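The values are calculated or read from the model by the stated rules, or taken from the named source; none is laboratory data. The structure displayed is predicted, hence computed values, not measured ones. We work out accessible area using only protein heavy atoms, side chains counted, and drop any ligands, DNA or RNA first. Shrake-Rupley method; radii C 1.70, N 1.55, O 1.52, S 1.80 Å.
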Amino acid sequence: MTESAVEPEAGHAPPQPAAPTRFAFGETFTGHMVTAAWTVDGGWEPDTLRPRAPLAMDPAMVGLHYGQVVFEGLKAHRQADGTLGVFRPEDHARRFQRSARRLAMPELPVGTFLRAADDLVRADAGLLPDDPALSLYLRPVLYASEPVLALRPAREYRFLMIAFLTGGFFADRPDPVSVWVARDQSRAAPGGTGDIKCAGNYAPGYPAQQRAALAGCHQVIWLDAAERHWVEEMGGMNVFFVRGTGARRRLVTPPRTGTILPGITRDSVFALGRRLGLDTAEERLSADEWRRACRSGDLTEAFACGTGAGVTPIGTVHDGDDRWDVADGGPGRVTLAVREALAAAQQGRTPHLAHWIRRVPGTARTH
Ligand SMILES: *Cc1c(COP(=O)(O)O)cnc(C)c1O
């Protein structure tokens with residue numbers, strides 16, 4: 001491909017200037033929530049929008065003890081016409097169902113998920129300032145609420161959807177992160193739950209995250225659990241690399257082996273990469289090969305992606321006593337182009353990707 005193939009497309013607005021991070025991730029909650037309950041005899045009761053409030057909980061609630069809990073994370077962005085649009089909500093709804101099946105939980109109907117998102121976004125849209133760097137993050141969660149400590153799937157569940165304001169990452173030149181390769185702990189094992197979003201997915205990674213911070217790094221790179229060889233993910237995000245030069249240049253990401261979370265951003269980035277004229281491939285990459293390919297010049301960019309932080313460039317890798325930069329350590333051209341293309345799609349600036357956006361009526365900003 002040519003260099004120009006990764007320039008933002010005609011018609012795209014120029015990248016937004018860096019906005020100060022006014023809302024740290026997961027801290028500024030909105031005023032409402034949607035709730036619904038499920039019982040083995042009655043199925044789903046109607047979902048309701050209500051003011052956000054603490055929950056009453058029996059101390060023997062299954063979800064608290066045995067982790068029968070799944071969640072999702074999706075965002076609503078301000079569109080050019082001022083309304084809010086939720087990004088790929090059906091895909092999140094279906095992944096929520098898949099996560100629930102893996103933990104022997106009831107599936108929330110896709111229609112209920114979408115209505116909950118609409119109701120919550122409409123109720124709290126007025127809190128989202130007119131700033132394209134900010135968005136409304138929706139957090140659906142499904143948990144076993146039955147008070148019983150028997151080792152069997154619960155017979156009562158609760159669905160909740162809450163929301164918070166977040167943003168600050170559509171900066172023109174994002175700061176690259178440094179990563180620390182976890183050599184003796186794993187995130188996900190074959191046959192386990194690494195390919196769903198369940199409550200236990202992040203806490204086992206915190207000690208490695210603390211080790212990474214001690215080494216002066218921002219994030220952890222997870223290797224596969226079986227061979228401790230292949231790069232799988234960065235923290236709670238999927239990873240991409242730009243490999244090859246000239247006509248052989250391609251955007252690659254680790255294949256879905258069952259231990260990688262099938263990110264909706266990962267899927268979007270692949271689609272956007274192809275639209276930018278890049279070849280794309282699912283290819284394994286070992287940490288050793290990552291180092292070699294950076295030194296030989298065959299690997300020129302690395303980035304991570306997810307709903308929370310968008311596209312984040314990886315600048316420096318620490319692996320044991322070894323340490324290397326990806327190219328010059330700055331954000332690469334493909335990374336920046338993909339990042340802008342993703343922002344454009346999320347904000348409804350890419351007309352033929354309009355099917356990725358669910359516009360929520362009644363959310364236009366009233367000044
Ligand atoms: C949620 C998540 C991702 C990213 O998924 P998106 O659908 O892109 O937000 C990647 N890895 C892990 C472990 C996750 O939990």
Checklist line | For region 177-346: relative contact order, % (alpha-carbon pairs under 8 angstrom, 6 or more apart) | finding: 24 percent
Check: How much of the accessible area of region 181-319, probe 1.4 Å, is carbon plus sulfur, in whole percent?
Finding: 49 percent
Checklist line | Fraction of accessible area attributable to carbon and sulfur, region 3-168 (%, probe 1.4 Å) | finding: 56 percent
Notebook entry, point to check: Across region 254-259, in residue order, what do the Karplus-derived ³J(HN,Hα) couplings come to in whole Hz, using 6.51 cos²θ - 1.76 cosθ + 1.60 with θ = phi - 60° and x for Gly and Pro?
Noted result: x, x, 6, 9, x, 10
Margin query: Going by amide H atoms built from the backbone, whose H comes under 5 Å of the H on ALA189, apart from near neighbours?
Written below: GLY194
Next item on the list: Could you run the Debye sum over the Cα atoms of region 177-346, one equal point scatterer each and no solvent, and tell me log10 of I(q)/I(0) at q = 0.16 Å⁻¹, two decimals?
Entry: -0.90
Item checked: Span from the region 116-156 Cα centroid across to the region 86-106 one, whole angstrom -> 13 Å
Next item on the list: Go ahead and estimate [θ] at 222 nm for the chain from helices alone: -39,500 (n - 2.57) per DSSP H run with n ≥ 4, summed, over the residue count, rounded to 500.
Entry: -6500 deg cm²/dmol
Check: Counting pairs of alpha carbon atoms under 8 Å apart in space and at least six apart in sequence, what relative contact order in percent does the chain give?
Finding: 22 percent
Note to self: Can you compute 3J(HN,Hα) from phi for each residue in region 308-319, using the Karplus curve 6.51 cos²θ - 1.76 cosθ + 1.60 with θ = phi - 60°, rounded to whole Hz and x for Gly and Pro?
What the structure shows: x, 10, x, 9, 10, x, 9, x, 9, 10, 10, 9
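Could you state the orientation-averaged shadow area of the convex hull built on the Cα atoms of the chain, in nm² to one decimal? Spell out each step's value before the answer.
Values: hull surface 74.6 nm².
That works out to 18.7 nm², a quarter of the Cα hull's surface.
Over the chain, with the other protein chains present, what is the accessible area per residue in square angstrom, probe 1.4 angstrom?
Values: 15740 Å² over 367 residues.
Heavy-atom accessible area per residue stands at 43 Å².
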